[in-house]
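The values are calculated or read from the model by the stated rules, or taken from the named source; none is laboratory data. Given the structure is predicted, the values throughout are model-derived calculations rather than measurements. Note: ideal-geometry Cβ built from the backbone for every residue, glycine included; neighbour counts use all protein chains shown.
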Amino acid sequence: MKKKIFSGVQPTGNLHLGNYLGAIKNFVDLNNDIQNECIFCVVDLHAITVSQNPKDLKSNIHETVATFVASGIDPKKSIIFNQSQVSAHSEAAWILSCVARMGWLNRMTQFKEKAGKDKEKASIGLYSYPVLMAADILLYDSTHVPVGDDQKQHLELCRDIAQKFNNDYKIENFFIVPEPLIKKEFSRIMSLKDGLKKMSKSEVSDLSRINLTDDKDQIINKIKKAKTDTLPLPSKIEELDKRPEAKNLIGIYSSLMNNTLQKTIDEFAGKNFSEFKEKLSEIVVNEINPISLKIKELLDDKVFLEKILKDGYEKANEIASKKIKKIHEIVGF
């Protein structure tokens with residue numbers, strides 16, 4: 001049986017190497033596997049859980065689609081669409097929010113991290129967005145969802161909601177309970193300036209990240225200035241736990257080369273960072289620079305990007321509309 005795979009990316013601009021290695025590169029592999037049916041969603045409803053400039057949001061939606069295609073996702077093989085265009089997502093989110101329990105949402109650690117100390121001023125959307133994420137997934141009978149460490153808890157909530165709905169309405173397997181697709185090797189990319197912080201577009205210094213729109217010279221300069229320590233590269237994988245910056249750079253190299261961390265350590269053990277950074281710059285440039293050039297080319301063709309979204313909407317809406325109609329019947333609407 002084919003795997004039905006659903007995943008989404010927020011259109012918040014400045015997609016970076018962390019987004020690519022943590023998600024998009026994996027999307028491309030999933031797209032290329034004939035055993036998979038893939039749906040990739042530009043989740044703009046999730047994006048507005050924090051304030052967005054409307055003009056920037058529209059631009060960022062196009063940039064996200066361009067990044068998908070430039071990275072190698074084929075819109076003829078997979079569905080690429082814009083979440084807000086398919087009204088079933090918002091409608092299903094409300095119905096499922098009447099199934100989800102407050103206690104479940106109170107345990108979501110990502111809300112606590114994003115809301116910070118002043119959570120009373122956080123939006124209700126930021127608090128309840130895992131329910132919308134569940135709606136996204138369940139509307140398409142998704143069997144598998146690629147998730148990183150920060151989304152595992154949300155997928156567990158999705159599974160709980162699916163099971164409770166099925167039990168409450170006594171309809172076995174109406175909602176498919178999805179399984180996680182978790183990369184076993186290194187995938188969490190950290191800041192180039194601080195190995196203890198996740199690479200983020202919100203960090204003030206642009207030197208902390210490699211943007212997918214960076215050119216060759218920018219990439220080389222950022223890797224050259226990336227924080228390291230004074231020791232040679234380690235010879236044992238256990239040493240990385242005490243050397244976060246070294247672990248991050250070795251992890252980036254390993255992810256791009258499809259190596260295990262141990263294989264990379266074996267290759268560079270005892271060597272200095274200048275030699276390693278030169279090799280790392282070469283493979284990052286080889287991987288990212290063609291994507292950067294293609295993104296810029298695609299952004300000049302808004303008609304093409306809009307056609308991808310229109311075609312994707314028609315396919316996604318057909319699936320989601322049928323599912324929401326059945327949900328109406330089950331609930332009693």
For this session: Would you mention how many residues in region 162-184 are in contact with a Ser or Thr (Cβ under 8 Å, 6 or more places away or on another chain) and more than 15 Å from P130 (Cβ to Cβ)?
Result: 2
Exercise. Does region 236-251 contain any residue that is of a type outside the set (K, R) and exposed (fewer than 15 other Cβ atoms within 10 Å of the Cβ)?
Worked result: yes
Seminar exercise, completed: Conditions (1) surrounded by 20 or more Cβ atoms within 10 Å (Cβ to Cβ); (2) under 30 Å from S87 (Cα atoms); (3) more than 26 Å from the chain's Cα centre (by Cα) -> I265 fails only (2)
Exercise. Mind checking whether some residue in region 94-103 is more than 20 Å from I319 (Cα to Cα) and modelled with pLDDT under 95?
Worked result: yes
For this session: Could you list all residues from region 258-301 that are of a type in the set (K, R), modelled with pLDDT under 95 and under 30 Å from Y140 (Cβ atoms)?
Result: none
Seminar exercise, completed: Residues of region 1-28 being over 10 Å from the mean Cα position of the chain (by Cα) and within 23 Å of I176 (Cα to Cα), in sequence order, are M1, K2, K3, K4, I5, F6
Exercise. Does any residue of region 87-103 turn out to be at negative phi, touching a Gly at 6+ places or on another chain (Cβ under 8 Å) and crowded, with 17+ Cβ neighbours inside 10 Å?
Worked result: no
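Looking at this structure, is I39 in contact with a Pro (Cβ under 8 Å, 6 or more places away or on another chain), in the same structural domain as K323 (by TED's automatic domain parsing) and within 19 Å of F175 (Cα to Cα)? Before the answer, list the steps.
Working: in contact with a Pro (Cβ under 8 Å, 6 or more places away or on another chain): no; in the same structural domain as K323 (by TED's automatic domain parsing): yes; within 19 Å of F175 (Cα to Cα): yes.
Criteria not met by I39.
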Exercise. Mind checking which pairs have a first residue in region 93-118 that is basic (K, R) and a second that is loosely packed, with under 10 Cβ neighbours inside 10 Å, Cβ under 9 Å, 6 or more apart or different chains?
Worked result: none
Problem set entry | Residue tally, condition closer than 17 Å to I189 by Cα and not in a helix (DSSP H, G or I), over region 215-232 | 4
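Residues of region 268-288 being within 22 Å of D217 (Cβ to Cβ) and either crowded, with 17+ Cβ neighbours inside 10 Å or of a type in the set (A, V, I, L, M) (or both), which ones?
Matches in region 268-288: F273, F276, K277, L280, S281, I283, V284, V285, E287, I288.
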